[in-house]
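One structure is given here, and the rest of the page talks about it.
Taken together, the values in this text are just the output of simple stated rules run on the coordinates, not laboratory data. For clarity, every value in this text was computed on a predicted model and none was experimentally measured. We place every Cβ from the backbone using ideal geometry, glycine too, and count neighbours over all the protein chains shown.
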Amino acid sequence: MSGIGHKIGKRNPRKAYPVDSGFFYAVAGNHEEGRLLECAVFLELRRRLRPGEEISYWKGRSRKEVDFLIRRGSDIREAIQVCYDMIDPKTMAREVDALTRCLDELKASTGKIIAMRTAVNGPGDESPHRRCS
């Protein structure tokens, strides 16, 4: 998966996502939840791709990065940021800032953050941590 830099057409290095998440454990000897979640999201996005769409990522002038762009040519359909744990307000601010900068820079209108743990509760959610899908 290649990335889009702060100038459209500028390529950033490729990112690799293994099909088997056990690969991370075999290589690193641990399981980093954030990396595993990002890998799972990539595999699901790849499964849902429509003909002519591709997955890439964005890295901006400020060195901030958004994990996934779903695009058709230069048209950005969606920007997606993945973060395992957004309970810390600083982490939430960082992830939202990166996504907002990406959307502004690429003039895209749709973005989302996928997180497993957040301090933001949805309607009717009594728990301090909410699982998001």
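Run the quick spin-label model on R72 and A93: label points 7 Å from Cα toward the beta carbon, then report their separation in nm to one decimal.
Roughly 3.9 nm, to one decimal.
So, R0 is 30 Å and r is the distance between the beta-carbons of L49 and S109; what FRET efficiency does that work out to, to 0.05? Show your work: numbers first, answer last.
Working: r = 20 Å, r/R0 = 0.65.
That gives a FRET efficiency of 0.95.
If packing is taken as the average count of other Cβ atoms within 10 Å, what order do 84-97, 102-115 fall into, highest mean first? Don't skip to the end; give the middle numbers.
On the way: 84-97: 14.6, 102-115: 16.7.
So the peptides 84-97, 102-115, ranked by packing, come out 102-115, 84-97.
So which aspartates and glutamates can K59 reach, going by Cα to Cα under 17 Å and dropping same-chain residues fewer than 8 places off?
E38, D67, D75, E78, E95, D97, D104, E105
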